[in-house]
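The values are calculated or read from the model by the stated rules, or taken from the named source; none is laboratory data. Just so it is clear, the structure is predicted and the values come from calculations on it, not from any experiment. All Cβ positions, glycine included, derive from the backbone under ideal geometry; neighbour counts span all protein chains shown.
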Amino acid sequence: MARQNRTRRRIGVTGSPATGKRTVAELLSRMLGVRAHSINRLAAEAALVTEGGEVELRAGRVGRMLLSLTSGEDSYIIYGPFLWDLFPRSRLDLVVVLRCNPAVLHRRYVERGYGARKAADNVTAEAIGYVYAECLSKYGRKVRQMDATGRSPEQVAEAVVAMAEGRADDEESVDWLSAAAEDPELLRLLL
């Protein structure tokens, strides 16, 4: 059920591949009654898809498309990869970086048919918090990270709504490198 949209809500949702960005953004769209704009969909519509099917993000072009789409909207959700390269700080009120245990992500990447190198690169990026660090650099205090491991998409979306409404302002700590000391599978993936 959509909630009343009494305040401006401009939310960015990003994270490593397979963390649940699309699913959570679509749930948020329905819950808040606002439009969700997919970075990947815009890149595909702009014919920025390579022959191999990979989406090639041309930051300037996709960024201009996002600005154009949201120019008349008070509230919206922007979701997808490389948000920090595509959308200005002034046009977002909250940026949520979805995080997931790298061992869980690795299994998802194998299921999706990622090559060994691509899977390893994405696992390493998640382990060191690459997306989170990039978002902090661009958006500062507007950024919150959330460990989506073991949470349903509905639970994640509800937590994001609580953040957007100011009911949950605490920052979650996500530190996969420290967790690797106690998790042999995670440690093996990171070595």
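Look at region 72-97 and say how many of its residues are in contact with a helix residue (DSSP H, G or I) (Cβ under 9 Å, 6 or more places away or on another chain) and farther than 16 Å from VAL161 by Cα. The number of residues fulfilling the criteria is 11. I'd like to check something: does region 151-161 contain any residue that is touching a strand residue (DSSP E or B) at 6+ places or on another chain (Cβ under 6 Å), under 19 Å from LYS21 (Cα atoms) and of a type in the set (Lys, Arg)? No, because not a single residue in region 151-161 is touching a strand residue (DSSP E or B) at 6+ places or on another chain (Cβ under 6 Å), under 19 Å from LYS21 (Cα atoms) and of a type in the set (Lys, Arg). The requirement of being closer than 28 Å to GLU182 by Cα, surrounded by 20 or more Cβ atoms within 10 Å (Cβ to Cβ) and out of contact with any strand residue (DSSP E or B) (no Cβ under 6 Å at 6 or more places or on another chain) is satisfied by GLU126.
Here's the yes/no breakdown for (1) surrounded by 15 or more Cβ atoms within 10 Å (Cβ to Cβ); (2) at positive phi; (3) not hydrophobic (A, V, I, L, M, F, W, C):
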| residue | (1), (2), (3) |
| --- | --- |
| VAL62 | yes, no, no |
| TRP84 | yes, no, no |
| TYR114 | yes, no, yes |
| LYS118 | no, no, yes |
| GLU134 | yes, no, yes |
| ALA148 | yes, no, no |
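The criterion of at least 2 residues that are among the aliphatic types (A, V, I, L, M) and in contact (Cβ under 8 Å) with a residue 40 or more places away in the chain is met by the following helices (runs of 4 or more DSSP H) wholly inside region 78-189: 83-86, 102-111, 116-128, 153-164, 176-179. Within region 66-88, being closer than 18 Å to ALA44 by Cα, of a type in the set (Gly, Ala, Ser) and out of contact with any Ser or Thr (no Cβ under 7 Å at 6 or more places or on another chain) holds for one residue alone: SER68. Taking region 139-191 as the search range and keeping residues that are touching a Leu at 6+ places or on another chain (Cβ under 8 Å) and of a type in the set (Gly, Ala, Ser), which one is farthest from ALA36 (Cα to Cα)? For region 139-191, the residue satisfying everything is ALA181.
Scan region 108-124 and tell me whether some residue there is under 18 Å from the mean Cα position of the chain (by Cα), within 30 Å of ARG35 (Cβ to Cβ) and among the aliphatic types (A, V, I, L, M). Within region 108-124 (the criterion being under 18 Å from the mean Cα position of the chain (by Cα), within 30 Å of ARG35 (Cβ to Cβ) and among the aliphatic types (A, V, I, L, M)), the answer is no, since none of the residues qualifies.
Each row is one residue, and each column tells you yes or no for (1) modelled with pLDDT of 95 or more; (2) aliphatic (A, V, I, L, M); (3) closer than 22 Å to GLU26 by Cβ.
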{"position": "GLU56", "(1), (2), (3)": "no, no, no"}
{"position": "ARG61", "(1), (2), (3)": "no, no, no"}
{"position": "LEU67", "(1), (2), (3)": "no, yes, yes"}
{"position": "TYR79", "(1), (2), (3)": "yes, no, yes"}
{"position": "ALA116", "(1), (2), (3)": "no, yes, no"}
{"position": "ALA133", "(1), (2), (3)": "yes, yes, no"}
{"position": "LYS138", "(1), (2), (3)": "yes, no, no"}
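Within region 20-47, if we keep just the residues that are in contact with a helix residue (DSSP H, G or I) (Cβ under 7 Å, 6 or more places away or on another chain) and part of a loop (DSSP other than H, G, I, E, B), the residue that is modelled with the highest pLDDT turns out to be GLY20.
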